[in-house]
Amino acid sequence: MNKQEFEKLITHIPDFPKVGVTFMDVSPLLKHRFDDVITDMCKNIDWSNVDYILGIESRGFILGSAMAIKQNKGFIPVRKKGKLPPPTIGEDYSLEYGHDTLEMKINKESAKIVIVDDVIATGGTLKATIKLCERNNFQVQAISMLINLRFLNQLDQEFDNIHSVLNFD
Ligand code: AMP
């Protein structure tokens, strides 16, 4: 699918959810081109070397679960604090203001995973998820994102396995 067509279906909402943030609303893109989005997000990943998809709450659930079905993989949720029953492990991370915590179920057996979410902004959410994986026997084979707001992060320099359908420089 043509990237310009994708971009036209993303609405930029100024000052949401707070002043100074431009929210990338991917709802129209998912409404009209869901299959194309999922196909593109699955590209350039060696799926023979992946056990599970790990989706970050909450748009990572929509994208990650569709990718999991397409690739015949299981799905693992990473959730906001207090949503998963114990035993869980958690990782604190910084937002633009304050702190939050992400949690996942404790995992004993080593497994290879792909992390999925809609947007990388500052990268705090992704970094916390990678730390959780490292502490929880998950090897991160690849990271698949719909949008990377590269002007807000340098994560491409830190990790060589980030795949983004759209990059904003
Ligand atoms: P960050 O931790 O700053 O990289 O933020 C990433 C998470 O926040 C993702 O789960 C996104 O869904 C959400 N997010 C952050 N900034 C935006 C934005 N400008 N537009 C849409 N979602 C965003």
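The values are calculated or read from the model by the stated rules, or taken from the named source; none is laboratory data. What you see is a predicted model, and the numbers here were worked out from it, not measured in a lab. All Cβ positions, glycine included, derive from the backbone under ideal geometry; neighbour counts span all protein chains shown. Heavy atoms of the whole protein, side chains included, go into the accessibility calculation; ligands, DNA and RNA do not. Shrake-Rupley method; radii C 1.70, N 1.55, O 1.52, S 1.80 Å.
For the range 99-130, give me each residue that is near the ligand (Cβ under 10 Å from one of its atoms) and of a type in the set (Val, Ile, Thr). Matches in the range 99-130: Val119, Ile120, Thr122, Thr125, Thr129. So, in the range 91-150, how many residues would count as being among the small types (Gly, Ala, Ser) and within 24 Å of Lys43 (Cα to Cα)? Result for the range 91-150: 5. Within the range 9-29, restricting attention to residues that are within 13 Å of the ligand (Cβ to nearest atom) and in a helix (DSSP H, G or I), the residue that is nearest to Gly98 (Cα to Cα) is Ser27.
Filtered by the rule that a residue be in contact (Cβ under 8 Å) with a residue 24 or more places away in the chain and open to solvent by 50 Å² or more (accessible area, probe 1.4 Å), the range 43-55 gives Lys43, Asn44, Asp46, Asn49, Asp51, Tyr52. Quick test for you: out of Arg33, Arg59, pick the one residue that is surrounded by 12 or more Cβ atoms within 10 Å (Cβ to Cβ) and either under 16 Å from Val116 (Cβ atoms) or touching a Ser or Thr at 6+ places or on another chain (Cβ under 6 Å) (or both). None of the others qualify; the one that does is Arg59. Annotation: Tyr93 fulfils all but one of (1) modelled with pLDDT of 95 or more; (2) within 15 Å of the ligand (Cβ to nearest atom); the unmet one is (1).
Those residues that are touching a strand residue (DSSP E or B) at 6+ places or on another chain (Cβ under 8 Å), open to solvent by 20 Å² or more (accessible area, probe 1.4 Å) and without any contact (Cβ under 8 Å) to a residue 60 or more places away in the chain, I need them from the range 153-167; list them, please. Passing the criteria: Asp156, Phe159, Asn161, Ile162, Ser164, Asn167.
Residues that are within 11 Å of the ligand (Cβ to nearest atom) and farther than 17 Å from Thr39 by Cα within the range 49-90 comprise Ile56, Glu57, Ser58, Val78, Lys80, listed in sequence order. Here Val119 fits the description: more than 17 Å from Asn49 (Cβ to Cβ), open to solvent by 10 Å² or more (accessible area, probe 1.4 Å) and not acidic (Asp, Glu). The set of residues from the range 1-30 being open to solvent by 80 Å² or more (accessible area, probe 1.4 Å) and either within 18 Å of the chain's Cα centre (by Cα) or without any contact (Cβ under 8 Å) to a residue 24 or more places away in the chain (or both) comprises Gln4, Lys8, His12, Pro14, Asp15, Phe16, Pro17, Val19.
Give the residue that is nearest to the chain's Cα centre (by Cα), with candidates limited to residues of the range 131-152 that are within 12 Å of the ligand (Cβ to nearest atom) and surrounded by 18 or more Cβ atoms within 10 Å (Cβ to Cβ). If we take residues in the range 131-152 being within 12 Å of the ligand (Cβ to nearest atom) and surrounded by 18 or more Cβ atoms within 10 Å (Cβ to Cβ), then Met145 is nearest to the chain's Cα centre (by Cα). Scanning the range 117-169 for residues that are polar (S, T, N, Q) and in contact with a Lys or Arg (Cβ under 7 Å, 6 or more places away or on another chain), which turns out nearest to Gly90 (Cα to Cα)? Step by step, filter the range 117-169, then rank; the result is Asn137.
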